[in-house]
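Engineer: Structure provided below as structure tokens; questions to follow.
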Amino acid sequence: MFQSDAGAAPASLATDNLPALPRSERGWTWWVGTAITLAVLVAALMQLAQIDLARVAAVVPSSPLFWFVYAISYFAGPLGDYVIFRRLWQIPAAGFFALLRKLIGNELITGYVGDLYFYTWARQRTGMTSAPFGAVKDVAILSAMAANAVTLVLMVLAYPLLDTLHLGIDSTAFFASVALMLVISSGVLFFRKKLFSLPSRDLWHVTFVQIARVVATLVLTGLCWHLALPAESVELWVLLSAMRMLLSRLPFLPNKDVVFAALAVFVIGQDAEVGALMAMMASLLLATHLGLGLLLVGGEAAGWRKK
């Protein structure tokens, strides 16, 4: 089903040694990629009305350090993916923007839509890779596994804080969440020989980069919170990080940061400053997704006109 056209019989022996060129015909991958791009545009325009940009600007910290840390935390995911696919496929610099679209598609629409877009992007570039499905699949699985592992560690660290902070979180739901992630991770490990297609050396490299990416994003996000509200305790940030990571493991939930902000306000509603910070960060992330998404869609539309 996912065989590359590079496996087809050559038209002539004279062309056997020529490098494969990017595909120019509008096959199914072009249409799927275009549909996802347009879906991102529609989602961005629909959600643009939900953001009160003036209110967000009024509560965002003015510190340059905050903006520097925020920018690094936002681009940590695409940069990690770029490191991975640079090793696997020698991906060009333009691939970073495709990975940025992957992130925005996953966040604005629903989980793994961005991965599907990136797969169609790679399928149209047979000179870079002739069979991208296996690598995209393996990277997505290992990304989920890395996030599960970090989430489990965070939840173990956060559990003693549930009673200390008196947030009224049900321990039954807590342990059920832990059990679910353990079952999923154990299943992936049990069937790893059938699930993964990359060589073990590449799998270890992907795993290392994915864990580093998740930890870096987590630490940088926590640093953003601390820079905005330095008076709050580290324990609270650990608990909120665990909640945020747990929500991020729900693959078909769009706008996870908006949902997390609402949950954080509900759980710690007695702390108006923390609630306002979570709402501000969610709006800021959504605004960043929308702004970059519109810029990337505009750039791709310009490419369509040239063609």
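Engineer: For region 96-137, give me the residue count where each residue is among the basic types (Lys, Arg), part of a helix (DSSP H, G or I) and surrounded by fewer than 22 Cβ atoms within 10 Å (Cβ to Cβ).
Structural biologist: Total meeting the criteria: 1.
Engineer: Would you call Trp237 assigned to a helix (DSSP H, G or I) and modelled with pLDDT of 65 or more?
Structural biologist: The answer is yes for Trp237.
Engineer: Hey, could you check region 78-130 for residues that are within 18 Å of the chain's Cα centre (by Cα) and β-branched (Val, Ile, Thr) and say which is modelled with the lowest pLDDT?
Structural biologist: Of everything passing the filter in region 78-130, Thr110 is modelled with the lowest pLDDT.
Engineer: Within region 273-284, is there a residue that is more than 19 Å from Tyr74 (Cβ to Cβ), assigned to a helix (DSSP H, G or I) and at pLDDT below 65?
Structural biologist: There is no residue in region 273-284 that is more than 19 Å from Tyr74 (Cβ to Cβ), assigned to a helix (DSSP H, G or I) and at pLDDT below 65.
Engineer: Now for a different question. Take Leu154 and tell me if it is modelled with pLDDT of 70 or more, assigned to a loop (DSSP other than H, G, I, E, B), crowded, with 16+ Cβ neighbours inside 10 Å and of a type outside the set (Asp, Glu).
Structural biologist: No.
Engineer: Looking for whichever is out of contact with any helix residue (DSSP H, G or I) (no Cβ under 8 Å at 6 or more places or on another chain), modelled with pLDDT of 85 or more and either not basic (Lys, Arg) or not in a helix (DSSP H, G or I) (or both) here; the options are Phe252, Phe208. Which one fits?
Structural biologist: Only one candidate passes the filter, namely Phe208.
The values are calculated or read from the model by the stated rules, or taken from the named source; none is laboratory data. Everything numeric in this text was worked out from a predicted model, so none of it was measured. No Cβ is skipped: glycine too gets one built from the backbone with ideal geometry, and neighbour counts run over all protein chains shown.
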